[in-house]
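Heads up: the structure comes next, in structure tokens.
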Amino acid sequence: MEALIDADMENKSRADAINNLQQQWKKLGSLPDKKQHNELWARFKKAADEAYKPCQEYYNDLSKVRAFNKEQRELICSQLELFFEQYDWANSDWKIVQQLLDKAHHEYKTFAPVDKQVNKALLSRFNQSIKSIQGKLSEFYQVNIDEKTALISACGDLLETEDLAGSTEQCKAYQQQWKTIGNAGRKEHALWAEFRKVCDGVFERRSQAYNAQKQENNQRHNQADDIIEAAKALLDLSLIHISEPTRLLSI
């Protein structure tokens, strides 16, 4: 125990070592000579108290840190509860609301550790305040999810429309409408990927029809050229037959 007084070690390791030696002391029991026992105990305790001083300072400081963290976590909870009660939800800036939740989660984790006796109650209060605000945000997201899902369905119907030009223009209108709808939260990426896939299908149908029409026009053009060439050949042949008798008569 006396060797621990000047030992260069981390406070947690020092405290564990002191506790280990104290447990060993208890297992040894008492000495037959009471005077000798008391003298050794006094020496052991004095060394233990001296060795523990750095730990005491550390744990005193840690206690202050935990108390400060507790106050900050309580403040975060109070701010979240006040925000939920006083915020103008009818005219919400949902991006700011999401940023607030993200920041609250980050800061709550930052203020650690706190005493175990208060940690559970604090965490429950924090989660409840987050849940209340998240509920409002989820309602907003669900409205946007429903609107974007309806757009995907409407755009999908265009794949069955015979009016390719009209369906393409309508698809462009749906794309503009999509931009006016707010964020869908965690489902935003999946919904956008599905919507884009359907839109690509609509434009691909128009492109395929255009290419098919272009190919058909080229074939007709080539056929027309062939007919013209054949007609020219027939005309040239006719002129030859007409001109030959004339030369014979002149001779």
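The values are calculated or read from the model by the stated rules, or taken from the named source; none is laboratory data. Quick caveat: nothing in here was measured; it's all calculated off a predicted structure. Because the Cβ atoms are built from the backbone with ideal geometry, glycine has one as well, and the counts that use them run over all protein chains shown. For the accessible areas, the whole protein counts, side chains as well, though only heavy atoms, and no ligand, DNA or RNA atoms are used. Shrake-Rupley method; radii C 1.70, N 1.55, O 1.52, S 1.80 Å.
Only one of (1) at pLDDT below 90; (2) on the phi < 0 side of the Ramachandran plot; (3) of a type outside the set (A, V, I, L, M, F, W, C) is not met by Lys148, so which one is it?
The single condition Lys148 does not satisfy is (1).
Exactly one of (1) touching a residue at least 12 places away in the same chain (Cβ under 8 Å); (2) of a type in the set (A, V, I, L, M, F, W, C); (3) open to solvent by 70 Å² or more (accessible area, probe 1.4 Å) is unmet by Phe140. Its number?
With (1) touching a residue at least 12 places away in the same chain (Cβ under 8 Å); (2) of a type in the set (A, V, I, L, M, F, W, C); (3) open to solvent by 70 Å² or more (accessible area, probe 1.4 Å) applied to Phe140, the lone miss is (3).
Residue under question is Asp61, and the condition is that it be within 48 Å of the chain's Cα centre (by Cα), open to solvent by 60 Å² or more (accessible area, probe 1.4 Å) and among the charged types (D, E, K, R); does it hold?
Taking the combined requirement at face value, the residue satisfies it.
Just give me the residues in the stretch 85-119 being open to solvent by 70 Å² or more (accessible area, probe 1.4 Å), over 19 Å from Leu62 (Cα atoms) and assigned to a helix (DSSP H, G or I), in sequence order.
Glu85, Gln86, Ala90, Asn91, Lys95, Ile96, Gln99, Asp102, Lys103, His105, His106
Give the residues of the stretch 161-203 that are modelled with pLDDT of 90 or more and either in contact with a strand residue (DSSP E or B) (Cβ under 8 Å, 6 or more places away or on another chain) or among the charged types (D, E, K, R) (or both), sorted by residue number.
Of everything in the stretch 161-203, those that are modelled with pLDDT of 90 or more and either in contact with a strand residue (DSSP E or B) (Cβ under 8 Å, 6 or more places away or on another chain) or among the charged types (D, E, K, R) (or both) turn out to be Glu169, Lys172, Lys179, Lys187, Glu188, Glu194, Arg196, Lys197, Asp200.
Of all the residues that make up the stretch 120-137, how many are open to solvent by less than 50 Å² (accessible area, probe 1.4 Å) and either in contact with a Gly (Cβ under 8 Å, 6 or more places away or on another chain) or of a type in the set (S, T, N, Q) (or both)?
The qualifying residues number 3.
Among the residues of the stretch 9-52, how many are assigned to a helix (DSSP H, G or I), over 60 Å from the mean Cα position of the chain (by Cα) and surrounded by 10 or more Cβ atoms within 10 Å (Cβ to Cβ)?
Result for the stretch 9-52: 8.
Only one residue in Glu188, Glu160, Glu194, Glu147 is open to solvent by 30 Å² or more (accessible area, probe 1.4 Å) and farther than 30 Å from Asp93 by Cβ, so which one is that?
Of Glu188, Glu160, Glu194, Glu147, the one residue that is open to solvent by 30 Å² or more (accessible area, probe 1.4 Å) and farther than 30 Å from Asp93 by Cβ is Glu160.
Please state which of the following conditions Cys155 fails to meet, knowing it meets all the rest: (1) within 20 Å of the chain's Cα centre (by Cα); (2) open to solvent by less than 50 Å² (accessible area, probe 1.4 Å).
The single condition Cys155 does not satisfy is (1).
How about the stretch 173-197: which of its residues are touching a Phe, Trp or Tyr at 6+ places or on another chain (Cβ under 9 Å) and more than 26 Å from Lys136 (Cα to Cα)?
Tyr174, Gln175
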